[in-house]
Structures are given as structure tokens and as C-alpha cells.
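The structure appears right after this line, and notes come after that.
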Amino acid sequence: PKAVREALVDLAFNMGIPRLLTFKRTVAALNRQEWGIAANELLDSKYAKQVGKRAVTISNMIKYCRHDTN
């Protein structure tokens, strides 16, 4: 879905593709199109603790496959 692609672009831009690919469980869930699991795995990371609300926004884009309207 477009919102998931946009979330991944945001993540890749902010942390880089090599770093994003280290999120093995998140990437695996995305490949299985299990959006809720992917979103939860993203939130269960050091990244989420570091960026706070932004991680929740990105996670919700993936979980609910909708655009960030803020």
C-alpha cells in the first residue's frame, strides 16, 4: 500500500537503507504483508525509543495503511 511505501521511504531517508534492513522482524512482517506485526516490531526497537512520537506516526502509517495527515 502507498502509505506503507511512504513510511519505508521516511525510515530509509532518516536512518539509511542498510540500517533499516537490520530491522529483520519488521522487514519479515512487511514481506508477509502483516502490517500490524510490522508496526509493533518497529515500535519494539531502540529507534522507537530514540525518536518517540515520530516512530508512533510511522508505525501507524504501516499498521493502518493510511497517510500521515499532519
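The values are calculated or read from the model by the stated rules, or taken from the named source; none is laboratory data. On a predicted model such as this, the values are computed, not experimentally measured, just so you know. Don't worry about glycine lacking a Cβ; one is built from the backbone with ideal geometry, like all the others, and counts go over all protein chains shown.
So the values come out like this:
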| quantity | calculated |
| --- | --- |
| Some residue of region 38-49 being exposed (fewer than 13 other Cβ atoms within 10 Å of the Cβ) and either at pLDDT below 95 or in contact with a strand residue (DSSP E or B) (Cβ under 7 Å, 6 or more places away or on another chain) (or both) | yes |
| Residue ID - farthest from Ala3 (Cα to Cα), chosen from residues in region 13-23 that are over 12 Å from the mean Cα position of the chain (by Cα) and not in a helix (DSSP H, G or I) | Thr22 |
| Residues located in region 24-70, provided they are more than 15 Å from Val4 (Cα to Cα) and either of a type in the set (Phe, Trp, Tyr) or touching a Phe, Trp or Tyr at 6+ places or on another chain (Cβ under 8 Å) (or both) | Ser45, Tyr47 |
| Pairs where the first residue, in region 22-33, is more than 10 Å from Ser45 (Cβ to Cβ) and without any contact (Cβ under 8 Å) to a residue 24 or more places away in the chain and the second is part of a helix (DSSP H, G or I) and not small (Gly, Ala, Ser), C-beta under 8 Å, 6+ apart | Val27/Leu20; Ala29/Trp35; Ala29/Ile37; Ala29/Glu41 |
